[in-house]
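The values are calculated or read from the model by the stated rules, or taken from the named source; none is laboratory data. Please read all numbers here as calculations on a predicted model, not as lab measurements. So basically every Cβ, Gly included, is an ideal-geometry build from the backbone, and we count neighbours across all protein chains shown. The accessibility values were calculated without ligands, DNA or RNA, using every heavy atom of the protein model including side chains. Shrake-Rupley method; radii C 1.70, N 1.55, O 1.52, S 1.80 Å.
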Amino acid sequence: MFARFMPQEGKFFEFFNAHADQIVLSAQKLVTLMDQLGGDARAIEEHVQTIESAEFKADTLTHDTIILLNKTFITPLDRDEIHQLISSMDDIIDVIHSIAQTLTMYDVRRATPEMKQLAEISLSAIERVRSAVNLIKDPGEHAQDILKTCKDIDKLESDADRIMRGAVSRLFREEQDVRELIKLKAVYELLESITDRCMSVANTLEAIVLENA
C-alpha cells in the first residue's frame, strides 16, 4: 500500500535524455572550436562558454538524478545502473570541458588534422550514445537497436585509439618545439579519452539491456 504513494519512474528518462542533449551540444561546439583555432578570439571564447554552460547544465541534471534516485521507492531500472549511467554520461562532458579549458590555457592556436579527426569521431560516438539513451526507457523492445549502437561506439573507440597512437608517433618524429609537443600530446590524449568514456556508457547500456530484455 505504502509503495503506491511513492514516486516510481519519476523523471529519470527525461533527465537522461536532457543530459545526452547537452553532451551532443558540447561535442558539436568542440568540432567547431577545432575548426576555428587561431581565428577570431571572440568567436572561440563564445564556443568555450557554450561548452562551459552545457557542462554546468549537465552537472545540474546529474545532481537532480541522484537526488531523485535517493527519494524514489521503486525505480524503473536497477538503482546502481541508474547511478552508473548518469555518472558515466557526466564523465563524457567533463572531458570535453577539460579539453576546451586546456586549449585556452595552453593557448593552442592550430588544430592538427588528427585533432579534428578525433573531435569528429567523438561527436559520432556521442550522437550514438544519445540514440541509445533515448531507447533505454524500454530496453526489452529496443534491445537489438541498443546493442548494435553500442557496437558502433566500440568501433569508433578503436578508431580514435588508432588515430591517437599515430598522431603521437608523428608528433615525436616531427615536432621540434618541446612545448608544442607537450601541449598537443595532452590534447590528443584528452580527445581520445572521450570515446573511452562513451564506451563506459555503452557497457552500462549493454548491462541494462541484458538484465531487462
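Observations on the model:
- Test: residue in segment 144-163 that is closer than 27 Å to GLU46 by Cβ and at pLDDT 95 or above: yes
- Condition met for ARG42 (open to solvent by 80 Å² or more (accessible area, probe 1.4 Å), at negative phi, basic (Lys, Arg) and in contact with a Leu (Cβ under 9 Å, 6 or more places away or on another chain)): no
- Of all residues making up segment 33-57, the number that are modelled with pLDDT of 95 or more and not in a helix (DSSP H, G or I): 0
- Extreme residue, nearest to THR195 (Cα to Cα), among residues of segment 45-95 that are open to solvent by 60 Å² or more (accessible area, probe 1.4 Å) and hydrophobic (A, V, I, L, M, F, W, C): PHE56
- Of the criteria (1) in contact with a helix residue (DSSP H, G or I) (Cβ under 8 Å, 6 or more places away or on another chain); (2) open to solvent by 40 Å² or more (accessible area, probe 1.4 Å); (3) of a type in the set (A, V, I, L, M, F, W, C), which one ILE146 fails: (2)
- Residue in segment 88-111 that is over 27 Å from ALA186 (Cα atoms) and part of a helix (DSSP H, G or I) present: no
- Selection status of ARG110, under 11 Å from the mean Cα position of the chain (by Cα) and open to solvent by 70 Å² or more (accessible area, probe 1.4 Å): no
- Test: residue in segment 155-162 that is under 12 Å from ARG128 (Cβ atoms), free of Cβ contacts under 8 Å to residues at least 40 places away in the same chain and part of a helix (DSSP H, G or I): yes
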